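Accompanying notes for the structure given below.
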Amino acid sequence: VAERMRTMVAGTPAEGYASCCTAIEHMDLLPDLPRIAAQTLVLAGTEDPATPRDHAERIAAAVPHSRLQAVDGAHLANWESAEEVNGLLRAHFGGGADYTRTATEKDR
């Protein structure tokens, strides 16, 4: 699995990656977030420099009935902490998560 991930990342053309970064550099979806009606789990890797925790906090604060969960020590949380992330996703999609709090009562 690690080798497959390394190969995928190493095989990404620098120009293609840079173009993706340019495309999303000024994208701002925050005004649309309050329109999300589904219960939402916002995951944040605490070591992710591209999307730091404060970005996830802003997303969670804007989405009604959402919950923020930080994954400690992770950059690519779904790879580095797969067991923890998969458990969180199973609870979320299986209905085991508690989303009764309002958008201003986020986990911090």
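So, in region 3-32, exactly how many residues are over 21 Å from Ala61 (Cβ atoms), in a helix (DSSP H, G or I) and of a type outside the set (Val, Ile, Thr)?
15
Any residue in region 97-104 that is surrounded by 14 or more Cβ atoms within 10 Å (Cβ to Cβ), hydroxyl-bearing (Ser, Thr, Tyr) and modelled with pLDDT of 90 or more?
No.
Count, please, the residues in region 55-92 that happen to be without any contact (Cβ under 8 Å) to a residue 40 or more places away in the chain and part of a strand (DSSP E or B).
Summing the residues that are without any contact (Cβ under 8 Å) to a residue 40 or more places away in the chain and part of a strand (DSSP E or B) in region 55-92 gives 3.
Among the residues of region 33-54 satisfying the criterion of being in a loop (DSSP other than H, G, I, E, B) and not polar (S, T, N, Q), which is surrounded by the most Cβ atoms within 10 Å (Cβ to Cβ)?
My answer is Asp48.
Quick check: anything in region 78-85 farther than 18 Å from Leu29 by Cβ, out of contact with any helix residue (DSSP H, G or I) (no Cβ under 8 Å at 6 or more places or on another chain) and open to solvent by less than 70 Å² (accessible area, probe 1.4 Å)?
yes
The values are calculated or read from the model by the stated rules, or taken from the named source; none is laboratory data. Bear in mind the structure is a predicted one, so any value in this text is a computation, not a measurement. A quick note on method: Cβ atoms are made from the backbone with ideal geometry, for glycine too, and the neighbour counts reach across all protein chains shown. Surface areas here come from the heavy atoms of the whole protein model, side chains and all, with no ligands, DNA or RNA. Shrake-Rupley method; radii C 1.70, N 1.55, O 1.52, S 1.80 Å.
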